[in-house]
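Step one of this worksheet: look at the structure below.
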Amino acid sequence: MKAPLTLILLFSIILSIQAQTEDLSNKKWTLEECVNYAIENNIQVKQSENDIALAEVDKRQAIGNFIPSLNFSSVGAWNSGLTQDPATGVLINQTSQTTTGGIQSGVPIYRGFRNQNQLKRAELRIMSSQYQLDRIKDDVTLQVINAYLQVLFNKEAVNVAIPQVEITKEQLERTQRLVNAGTLPQGDLLDVQATLANDEQNLIITENNVNLALINLAQLLQLEDYENFDIANEEIETLPLLNLADYSVDQIYDTALENRNEIKVARANIEIAEADIKLAKGALQPTLSGFYQWNSRYSDRDIITGSEIDPNNPTVVIGQVETTGDNVISPNFTPIIGPANPFFDQIDQNKGSAFGLSLNIPILNGFTASNDVRRAKINFDQSKYQLEQEELTLERTIHQVYADAIGALKLYDATKRSLDAREISFDYAQERFDVGVLNSFDFSQIKNQLVRANSDFLTAKYDFIFRVKLLEFYYGVPVENLK
């Protein structure tokens, strides 16, 4: 029974995955969904998230510097030849097995505040990495919005091109009837046919531009199914709800200085550089630490358990009396050899410990510490210069973006007036063409002018929307909000 149950479960999983894949390929992506999906799957975002994870590890290490160390060590060895028995200190010429072990512990007492400064630096590094992550997310968001607007622009261009083809087809049918009736010459029909071919070519180009824009957006989202990818037909207002006259460049710049992540990163890097100076200076100060050690040892070598008089040689001459010359005799004892004590008995008998303080005063270390201080100060100056550069770049960018938005608004107004005029002119021309007052060539020229006006208006419209969204982005308005 287990095998069919396993097959059913596996089949259900496959169907679930297939259904999710179909839902992903057939869905219409909104702007918010595109932005969220891109941020979730972007490689740079994932790399930046790993930077935060590494910074968290550095903080954990900095916290660990405050905790006493505790280590156990043990060595087992087989000694052959003339070696010293670590248990007895006797030199012996034989093979023996010894085991030594111990526990060591140390606690930092004073290290020139390096532990505190290292922890502060680690916390600043986490904050800087988070700002950098937010900055990358902002960049990805802007890229997605720009690509999304490009798709909408091209789709709207298709919606403009399709009616033009229909109008030309109607013009062709009417011209064909008039040519057949002998009212218009054959040349007018050829002109309309050429116009229709040009309109159809323009429609094909605009439809292809939609596909290319969708592929570009899908690549930003890290999607592979380009053919089934499409976006929702979101309605975008002709003009974003932003009155440029209500915002000055200085006002936008002041707000951006407080909110922009590149400025936050630069400021955090200055604080990190300050912490690095304190860390480097700490190496110039003495360090004081406490320690405790416990150790013991074991040997399998036979030991002396006692002594007895040698029955073969019970006495031994140890000297002579100076006055008489008589020998001085002493009993001749020989050692009694027994097996080594049990392992744990030896560990208890041979144990020892030590504790104390360790003071290290740096005097001369090849200028390493002093050079580290100099290097940290130079990096601090570099960080300050980087902040100044970021502020100048931000100010220049905001002035440029603001000027582009103003220019885009003026261009939008101009193209809107031009389009309105071209639509009126086209309506008038169509009335004249329908009654035979205007020939097909002149009518085609007026229609082409309307097509160009439509194209210019769409370009100006979406360019203005993006410029304003970019300006709102620097002002702190949520950039994914199109309306």
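The values are calculated or read from the model by the stated rules, or taken from the named source; none is laboratory data. These numbers come from a predicted model, not from an experiment. We place every Cβ from the backbone using ideal geometry, glycine too, and count neighbours over all the protein chains shown.
Computed quantities for the displayed model
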quantity: Pairs where the first residue, in the stretch 383-405, is farther than 27 Å from residue 273 by Cα and without any contact (Cβ under 8 Å) to a residue 60 or more places away in the chain and the second is surrounded by fewer than 18 Cβ atoms within 10 Å (Cβ to Cβ) and of a type in the set (A, V, I, L, M, F, W, C), C-beta under 9 Å, 6+ apart; calculated: 403/249
quantity: Spans of strands (runs of 3 or more DSSP E) in the stretch 323-366 with at least 2 residues under 30 Å from residue 282 (Cβ atoms) and under 60 Å from the mean Cα position of the chain (by Cα); calculated: 352-360
quantity: Long-range neighbours under 9 Å by Cβ, at least six apart or interchain, first residue over 21 Å from residue 445 (Cα atoms) within the stretch 406-430, second outside any helix (DSSP H, G or I); calculated: 409/239; 412/238; 412/239
quantity: In the stretch 369-382, residue surrounded by the fewest Cβ atoms within 10 Å (Cβ to Cβ) [restricted to those that are over 26 Å from residue 261 (Cβ atoms) and in contact (Cβ under 8 Å) with a residue 40 or more places away in the chain]; calculated: 375
quantity: Qualifying residue in the stretch 74-86 (condition: surrounded by fewer than 19 Cβ atoms within 10 Å (Cβ to Cβ) and under 44 Å from the mean Cα position of the chain (by Cα)); calculated: yes
quantity: In the stretch 33-66, residue farthest from the chain's Cα centre (by Cα) [restricted to those that are among the charged types (D, E, K, R) and over 14 Å from residue 217 (Cβ atoms)]; calculated: 60
quantity: Residues located in the stretch 432-441, provided they are more than 13 Å from residue 168 (Cα to Cα) and either under 60 Å from the mean Cα position of the chain (by Cα) or surrounded by 16 or more Cβ atoms within 10 Å (Cβ to Cβ) (or both); calculated: 438, 439
quantity: Residue, nearest to residue 359 (Cα to Cα), within the stretch 285-305, restricted to residues that are at pLDDT below 75 and assigned to a strand (DSSP E or B); calculated: 303
quantity: Test result for residue 144, modelled with pLDDT of 90 or more, assigned to a helix (DSSP H, G or I) and more than 25 Å from residue 55 (Cα to Cα); calculated: yes
quantity: Given (1) within 30 Å of residue 410 (Cβ to Cβ); (2) at pLDDT 90 or above, index of the condition residue 242 fails; calculated: (2)
quantity: Answer residue from the stretch 110-156, given it is within 24 Å of the chain's Cα centre (by Cα) and among the basic types (Lys, Arg) and is farthest from residue 63 (Cα to Cα) among those; calculated: 137
quantity: Residue check for residue 146: of a type outside the set (Val, Ile, Thr) and under 30 Å from residue 39 (Cα atoms); calculated: yes
quantity: Test for residue 304: is it among the β-branched types (Val, Ile, Thr) and touching a helix residue (DSSP H, G or I) at 6+ places or on another chain (Cβ under 7 Å); calculated: no
quantity: Options 184, 178, 196; residue that is without any contact (Cβ under 8 Å) to a residue 40 or more places away in the chain, surrounded by 14 or more Cβ atoms within 10 Å (Cβ to Cβ), within 18 Å of residue 440 (Cβ to Cβ) and among the hydrophobic types (A, V, I, L, M, F, W, C); calculated: 196
quantity: Test for residue 173: is it closer than 30 Å to residue 230 by Cβ and either modelled with pLDDT of 85 or more or acidic (Asp, Glu) (or both); calculated: no
quantity: In the stretch 313-343, the residues that are surrounded by fewer than 10 Cβ atoms within 10 Å (Cβ to Cβ) and at pLDDT 80 or above; calculated: 313
quantity: Strands (runs of 3 or more DSSP E) (entirely within the stretch 1-116) containing at least 2 residues that are farther than 30 Å from residue 340 by Cα, of a type outside the set (A, V, I, L, M) and modelled with pLDDT of 75 or more; calculated: 96-110
quantity: Residue satisfying condition, being touching a Lys or Arg at 6+ places or on another chain (Cβ under 6 Å), surrounded by 20 or more Cβ atoms within 10 Å (Cβ to Cβ), in a helix (DSSP H, G or I) and not hydroxyl-bearing (Ser, Thr, Tyr), within set 429, 453, 460; calculated: 453
quantity: Candidate set from the stretch 207-222 (those that are farther than 26 Å from residue 165 by Cβ and without any contact (Cβ under 8 Å) to a residue 12 or more places away in the chain); member that is surrounded by the fewest Cβ atoms within 10 Å (Cβ to Cβ); calculated: 219
quantity: Cβ pairs under 6 Å, 6+ apart, first in the stretch 47-65 and surrounded by 13 or more Cβ atoms within 10 Å (Cβ to Cβ), second of a type in the set (Gly, Ala, Ser) and at pLDDT 90 or above; calculated: 51/129; 52/129; 55/129; 58/122; 59/122; 62/122
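Per-residue answers, yes or no, for (1) in a helix (DSSP H, G or I); (2) under 60 Å from the mean Cα position of the chain (by Cα):
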site: 164; (1), (2): yes, yes
site: 176; (1), (2): yes, no
site: 179; (1), (2): yes, no
site: 183; (1), (2): no, no
site: 189; (1), (2): yes, no
site: 194; (1), (2): yes, yes
site: 197; (1), (2): yes, yes
